[in-house]
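Okay, so here's the structure we're looking at.
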Amino acid sequence: MKVYGVIMAGGGGTRFWPLSRKKTPKQLLNLTGNNLMVNEAVDRLAYVADKSNIFIVTNVSQVPAMLEATKERLKADHILSEPSARNTAACIGYAAMEIVRKYGDGVMMITPADHYIKDEAGFVRILNAAAKEADETGKLLTIGITPTFASTGFGYIRFDKNEAGDAKKVIEFKEKPDEATAKEYVASGEYAWNSGMFAWKASVILEKFKEYIPDIYADLEKIGDAMGTENEKAVIEEVYPNIRKISVDYAIMEKAAALGDVLVIPGEMGWNDVGSYDMMDVLRSKDENGNIIEGDVVAVDTTNSIILSSGKTVTAVDIDNLVIVETKDAIMVCPKDKAQSVKKIVETLQAQGRDDLL
């Protein structure tokens, strides 16, 4: 069984502004204090797929930084450049076409670049089980996370909990619920969080593209026909920006699940999608006052806060539950429990044409 790793790394990570920018988004930040998030993703995936078979799909604006960040880990031609963001269906289809046309069929293990996994052994066990199941059954596999609380911020996957074995048949995908519904999901024991990680044969997913989203498949086939020729780059730049925007969940997974073609492996691996600054509590150790502090910071009578300085001295006194982030050209302050709203700053800057800060 040949296994390929595919890391989706095209996102902007706007909730981590001003650290995160268009050319250096969240996946190119060192949020854990150990390494860049994308490098941690590569190193985890290398336990499942050889590094020579790992690919990253990223936006063209991020390619230079991505090449520099991963040069000790991946081949340069395994960084696949998207001329424009077209959502996960196009991203995954592009990678599948690249693999089938240039390297031969195999199982694709697909993960985001910017998630945190505390239990790497659990991650490897679950992904290896998914790869084996995808290879032997030809089904589409998704990785579910056993809920630890009634989250309203994640999508859910309902599965047949009475089935034997690691892989369970997916009954349906559910959107982010309200709190009461989330509590019902968790209490039932038949729901997992949707992690956005997948496993399937490259040839199988392309057949699903052809069946469920033939317009996108036709575009991908044009790109595939040009692969390995002198026209490859030009064709990608012409065709890719016109591919319809849609997620792989909506385009394929929901439809295939209704026909019994999707399996989920629910499990625990210390997973967190690290969507905003308030999630840094799972990445870093707090000091005796409950603070996470980095850089030149002087904090007096300050509690439960996140203060990050990249150069200037940042001082704080008599504050609680704040996020303060300083970079060379910006300072961001918000209540910790409103960290999700940082994206509103990015939206406002975009509306004002402040591209220098994006």
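Quick note: the coordinates plus some simple rules give every number you see, no bench work behind them. All values derive from a computational prediction rather than experimental measurement. Because the Cβ atoms are built from the backbone with ideal geometry, glycine has one as well, and the counts that use them run over all protein chains shown.
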Q | Selection from Ala316, Val342, Met279 lying farthest towards where the dipole of region 277-357 points positive, charges on Cβ | A | Val342
Q) Each residue of region 326-333 in order: what ³J(HN,Hα) in whole Hz does its phi give by Karplus 6.51 cos²θ - 1.76 cosθ + 1.60, θ = phi - 60°, with x for Gly and Pro? A) 10, 10, 5, 10, 7, 10, 10, 10
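For the chain, what proportion of DSSP beta bridges, expressed in % and rounded to the nearest 5, is antiparallel? Before the final figure, lay out each step's value.
Numbers: 25 of 57 bridges.
Taking every DSSP beta bridge within the chain, about 45 percent pair in antiparallel fashion.
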Q.
Show log10 I(q)/I(0) for the chain at q = 0.12, 0.14 Å⁻¹, two decimals, from a solvent-free Debye sum over equal Cα scatterers.
A. -0.93, -1.23
Q. In terms of the ratio Rg/(2.2 N^0.38 Å) built on C-alpha atoms, what value belongs to region 1-106?
A. 1.04
(Q) Give the aspartates and glutamates whose C-alpha is closer than 19 Å to that of Lys208, dropping any in the same chain fewer than 8 places away, or say none. (A) Glu98, Asp105, Glu133, Asp135, Glu136, Glu172, Asp219, Glu221, Asp225, Asp249, Glu254, Asp261
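If R₀ is 35 angstrom, what is the calculated FRET efficiency for the pair Tyr250 and Met227, using the beta carbon separation as r and rounding to 0.05?
Details: r = 27 Å, r/R0 = 0.76.
Rounded to the nearest 0.05, the efficiency is 0.85.
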Q.
Looking at the chain, identify the longest residue range that excludes and avoids all chymotrypsin sites (Phe, Trp or Tyr not before Pro) in DSSP loops having at most 15 other Cβ atoms within 10 Å.
A. 150-358
Q) So which of Lys132/Lys233; Lys233/Lys343; Lys168/Lys343; Lys26/Lys312; Lys245/Lys328 end up more than 26 Å apart, counting from Cα to Cα? A) Lys132/Lys233; Lys233/Lys343; Lys168/Lys343; Lys245/Lys328
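Work out the length of the dipole vector of region 73-205 about its Cα centre, built from +1 on the beta-carbon of each Lys and Arg and -1 on the beta-carbon of each Asp and Glu, and round it to the nearest 20 debye. Don't skip to the answer; put the middle values down first.
Values: 17 positive and 19 negative charges, 54 e Å.
It comes to approximately 260 debye.
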Q | Positive-pole candidate from Ala251, Thr302, Ile110, dipole of the chain, charges at beta carbon | A | Ala251
Q) When the chain is treated as a GNM, springs tying every alpha-carbon pair under 10 Å, which of Gly122, Gly33, Gly144 comes out with the largest mean-square fluctuation? A) Gly33
(Q) Given R₀ = 45 Å, what would the calculated FRET efficiency be for Thr313 paired with Tyr103, taking r from the Cβ atoms and rounding to 0.05? (A) 0.30
Q. For all pairs of alpha-carbon atoms in region 1-52, what percent lies in each bin of width 5 Å, listed from the first bin to the last filled one?
A. 5, 20, 25, 20, 14, 9, 5, 1, 0
Q) Based solely on its DSSP helices, what 222 nm [θ] is calculated for the chain when runs of n ≥ 4 H residues each add -39,500 (n - 2.57) and the sum is averaged over all residues, nearest 500 deg cm²/dmol? A) -9000 deg cm²/dmol
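Working from the alpha-carbon coordinates of region 277-357, get Rg over Rh, Rh being the Kirkwood radius.
Details: Rg = 13.2 Å, Rh = 13.3 Å.
Across region 277-357, the Cα-based Rg/Rh ratio is 0.99.
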Q) Please identify the GluC sites (Glu not before Pro) of region 111-166 that satisfy two criteria: DSSP loop assignment and at most 14 other Cβ atoms within 10 Å. Which are they? A) Glu163
**Q.** ³J(HN,Hα) computed for each position of region 270-286 - Karplus, 6.51 cos²θ - 1.76 cosθ + 1.60, integer Hz, glycine/proline x
**A.** x, 7, 8, 7, 6, x, 7, 4, 5, 7, 5, 4, 8, 9, 10, 7, 8
Q | Given charges at beta-carbon only (K, R positive; D, E negative), |dipole| of the chain in Debye | A | 360
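Based on Cβ point charges of +1 for Lys and Arg and -1 for Asp and Glu, what charge dipole magnitude is obtained for region 241-329 about its Cα centre, in debye rounded to the nearest 20? Provide the component values of the computation, followed by the final result.
Numbers: 7 positive and 16 negative charges, 118 e Å.
Here the size comes out at about 560 debye.
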Q. Considering only Leu36, Leu140, Gly93, whose Cα is most displaced toward the positive end of the charge dipole of region 3-272, charges sitting on Cβ of Lys, Arg (+1) and Asp, Glu (-1)?
A. Leu36
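On a full-extension model of 0.36 nm per residue, what is the gain between Glu288 and Ala258, subtracting their alpha-carbon distance, rounded to one decimal in nm? Numbers along the way, then the final one.
Working: separation 30, 0.36 × 30 = 10.80 nm, distance 5.08 nm.
Once the chain is fully extended between Glu288 and Ala258, it gains 5.7 nm.
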